[in-house]
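Just so it is clear, none of the values below were taken in a lab; they were calculated from the coordinates. Given the structure is predicted, the values throughout are model-derived calculations rather than measurements. So basically every Cβ, Gly included, is an ideal-geometry build from the backbone, and we count neighbours across all protein chains shown.
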Amino acid sequence: MSYNFFVRSNITFGNGAANELPEILKRHGLKKIMLVYDGGVKAAGIAGRITEKIEEAGVEYVIFDGVIPNPTNRVVEQAAAQAKEAMVDGFVAVGGGSSIDLAKAVNVLMTNPGSIGQYGGMNLVKNPCLPLIAIPTTAGTSSEITNVSALIDEEKVIKYVVIDNHITASDVIADPEFTKTMPVSVTAATGMDAITHAVESYISNMATPLTEYNSLKGLSILYENLPKAVADGQDMEAREQMMLGCIITGFAFSNANLGFVHAIAHTLSAHFGLAHGMANACVLPYVMAYNAPACPQKMIEMARTIGLTPTGDPEKDPYLLAEALKDLTRKLGIKTLSEQNVPESAFDTLAEDVLKEPVLGFNPRQGVTKEDVIEILRKAY
Ligand SMILES: NC(=O)c1ccc[n+]([C@@H]2O[C@H](COP(=O)([O-])OP(=O)(O)OC[C@H]3O[C@@H](n4cnc5c(N)ncnc54)[C@H](O)[C@@H]3O)[C@@H](O)[C@H]2O)c1
Ligand SMILES: [Fe+2]
């Protein structure tokens, strides 16, 4: 068997990594960039620290600070119009997955014709993009190193993904200091998104030895450190490990893709605006129990990875991971679907839309039915 494993970004990792920004901007020969962020990142004082570094490099910049969680096509087109008007030659995105994904999508439109919706799918971006320096402030999505941008199409009421190696950030500045202002619920939700990526990529039917290695390593780091980061946001060792775990996991799912959990999460966010990490976390344990019969050995391997000892009972061991994830979500204060204001009356429509999600094609258990989805939504309610 031969397989491909794609890695692109130049990564600067650790405390003070942002000091490298002027050098990176100069290396790319950038003259005028667009700086992308949102209100939360600005309020945390992070955006200001980045503008100082850009000014230090003597590079001109325009700001797009209108990023929203679960960014939409409309916001992408707005930012792209501004970037084209200003004739920028590169991007710096500082923030969570929403800011980085938005910058990736805008970047597509700088060198490729048409509107962003037409690039939904895999490998549809024809021309290379401009330099993009991604500076994550959450430890969750791994968007800083993935070839993915997740966007909402408000007209179709779907969350879709643009997957293309061209959109991957050229450079990553991963400074754990930037994650310490994350509110507790954002730390928990984004951290659970990362754990979901590790687990789903490990059992994906596109997994290869290289992605499996990264999935398991990422899972072990994230599972150990997320409770610590949630318990004490100032625990810098845990913050650093979370950021590291995300990058390692990103290498895995960028190449192996995801599965049923993300199919449900995308649908929940498209219909009810749920935060991505929360949407994943509340269904994750139930989907893993559902998937267990399709990949029992891999479930046992993940249980071992998080420090559990299988009993030797082939009926029970494949479900150890799902049980542990249920305990973890309770401990971290992950909200149920009812607590996130998803009405039970919507389950039917939601289930129909989940079945249309392309990401379901990578799930180890195929043949998912509408009843299966509704059953999982009920358990997460
Ligand atoms: N591209 C990918 O590979 C990929 C993978 C998974 C998820 N995603 C997408 O990423 C998006 C979610 O991103 P996210 O979970 O990182 O959250 P986010 O970017 O939506 O941010 C969530 C909130 O936290 C705030 N915030 C972020 N960092 C902060 C900090 N350090 N201090 C204070 N406040 C801070 C933001 O202002 C925002 O209000 C979703 O749209 C999801 O679909 C992308
Ligand atoms: Fe995700």
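Please compute the net charge surrounding Ile376, taking Lys and Arg as +1 and Asp and Glu as -1 over other residues with Cβ under 15 Å from its Cβ. Once positives and negatives cancel, what remains is -4. Among Thr349, Thr168, Thr181, Thr138, a tally of other beta-carbon atoms within 10 Å of each Cβ gives an order, fewest to most, of Thr349, Thr181, Thr168, Thr138.
Modelled spin labels at Ile68 and Thr111, positioned 7 Å past Cα toward Cβ, are 3.0 nm from each other. Could you compute the net charge surrounding Val62? Neighbours are other residues with a C-beta less than 9 Å from the C-beta of Val62; K and R count +1, D and E count -1. Residues close to Val62 contribute a combined charge of -1. For the chain, the membrane-span-like helices by this rule, meaning whole DSSP H stretches whose C-alpha atoms cover at least 24 Å of axis and whose Kyte-Doolittle mean is 0.5 or above, are 184-203, 236-256; this says nothing about an actual membrane.
May I ask for log10 I(q)/I(0) of the range 10-179 at q = 0.13, 0.14, 0.17 Å⁻¹, from a Debye sum over the Cα atoms as equal point scatterers with solvent left out? Results for the range 10-179 at q = 0.13, 0.14, 0.17 Å⁻¹ read -0.54, -0.63, -0.95. Of the residues Ile374, Ile173, the one with the fewest other Cβ atoms within 10 Å heads the list, and the complete ranking is Ile374, Ile173. Our note on the geometry: Cα centres of the range 196-264 and the range 131-147, 14 Å apart. Under a Gaussian network description of the chain, with springs only between Cα atoms under 10 Å, the residue in Glu352, Glu212, Glu155 that fluctuates furthest is Glu155. Value of Rg to Rh for the range 184-379, rounded to two decimals, is 0.94; Kirkwood radius and Rg both from alpha-carbon coordinates.
Report, for the chain, the % of DSSP beta bridges that are antiparallel, rounded to 5. Of those bridges, close to 20 percent are antiparallel. Going by neighbour counts of Cβ atoms within 10 Å, the residues Tyr381, Tyr61, Tyr119 line up, fewest first, as Tyr381, Tyr61, Tyr119. With each label modelled as a point 7 angstrom along the Cα→C-beta vector, the Gln297-Thr51 pair spans 5.6 nm. Counted by Cβ distance under 10 Å from Met288, the other residues give a net charge of -1, where Lys and Arg count +1 and Asp and Glu count -1. Each label point was placed 7 Å from the Cα along the Cα-to-Cβ direction; for Val157 and Asn123 their separation is 3.4 nm.
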